[in-house]
Amino acid sequence: MIAFLALWVRRLIVWPLGALLIHMVMGLRFIIPVRWSSAMIGGLIRLIGPWTPWHRRARNNLRLVMPELSPSEERDILMKMWWNIGRNAGEFAYLEHLAGQSSNHLIGDEALDDIAKTGGFIISGHLGNWEMCCIPFIRRDLPFSIIYRPLNNPLAKNALNKRLELADKTYTKGRESARGIIETARRKHIMIILVDQKLREGMVVPFFGKGVTTPVSYIKAALHHHVPLIMMRIQRMRGCQFSVSLEKLDCEAIIAKHPNADPVLAIATVINQNLENWIRETPEQWFWPHRRWPESKGEAPYDIE
């Protein structure tokens, strides 16, 4: 009975209100500039976020992997995190506009030149405004693919189309994305992948000194089809200005440095270490509410060597 009521509350109240809010945010692009939308939604989420269950999870994750922080440092990081998340939401409808801004700084053009010829995988995480991963490819009119998770709210699914339309191909998480990864590597296309979310499957790889299930199918595909892996960092610099950094991973050097290790694990470990370094530099720009570690769900930690 309780489950039945919860279902109808979600259908009649939660979904409509959520869809209304999302479409209102999307509609802002027709009436106000991006910096206003970013600041307004950022301020709103900064007020609401700390009162949600996700705030507690974010705080627990922060304490789990960065226990050296003082209570005041924790609060400062989490409040700035909600501010950044809100800004991301406020900027969502303006991706093409932001891609054209000359104030966004691109570092690592040579990596982009390489992948334009060979195809490969762009690897990033939920840092800064992660939706901005498409900026270099939109600027150069290079086709790319993405993997996405469909919204649970059926009334708001159309709001996602704005982002999906920017990609040449889209794959939903699961079996479809697995086929997409193989197809991308085989056909020498480009795919953007965010690799810092918890998976039910994958390989256990160290992250902040703790084991996490980590996607590795794209690494296997890259090694098999000899396409590059390029890490991308999106860093919010000021307001709606971003730094986009690209750096090609030297997979051969990584494997040679760990001759007795599983090559896929060695590369995945370096990727997670790079992500960790970025997060430690700007922890307020990462999405801490993710259930990234088993401990985030009250589960036993994984053993790592």
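Coordinate-derived values only; no laboratory data. Note that the structure is predicted; figures quoted are calculated from it, not measured. Here Cβ is always computed from backbone atoms with ideal geometry, including for glycine, and neighbour counts include all displayed protein chains.
Its Cα centre serving as origin, region 62-111 has a Cβ charge dipole (Lys and Arg +1, Asp and Glu -1) of approximately 280 debye. Computed from label points 7 Å out along Cα-Cβ, the spacing between residue 252 and residue 225 is 2.1 nm.
Along the positive direction of the dipole of the chain (beta-carbon charges: Lys, Arg +1; Asp, Glu -1; about the Cα centre), which of 69, 122, 44 reaches farthest? Of the listed residues, the answer is 44. Computed from the C-beta positions of residue 44 and residue 70, the FRET efficiency with R₀ = 22 Å rounds to 0.20. Treating r as the C-beta distance of residue 148 and residue 281 and R0 as 30 Å, the FRET efficiency rounds to 0.65. Take the Cβ-Cβ distance between residue 188 and residue 238 as r, set R0 to 41 Å, and report the resulting FRET efficiency rounded to the nearest 0.05. According to the calculation, E is roughly 0.65. Packing, taken as the mean count of other beta carbons within 10 Å per residue, orders the peptides 88-98, 203-213, 171-181 from highest to lowest as 88-98, 203-213, 171-181.
Fewest neighbouring Cβ atoms within 10 Å first, the residues 107, 123 line up as 107, 123. Separation of the alpha carbons by more than 25 angstrom is noted, of 220/297; 117/173; 169/297; 210/257, for 220/297; 117/173; 169/297. Placing +1 on the Cβ of every Lys and Arg and -1 on the Cβ of every Asp and Glu, with no other charges, gives the chain a dipole of roughly 1120 debye about its Cα centre.
A straight Cα-to-Cα reach below 12 Å connects residue 80 with the aspartates and glutamates 284, residues fewer than 8 places away in its own chain not being considered. Computed over the chain with a Gaussian network model linking Cα atoms closer than 10 Å, the most mobile of 75, 187, 149 is 149.
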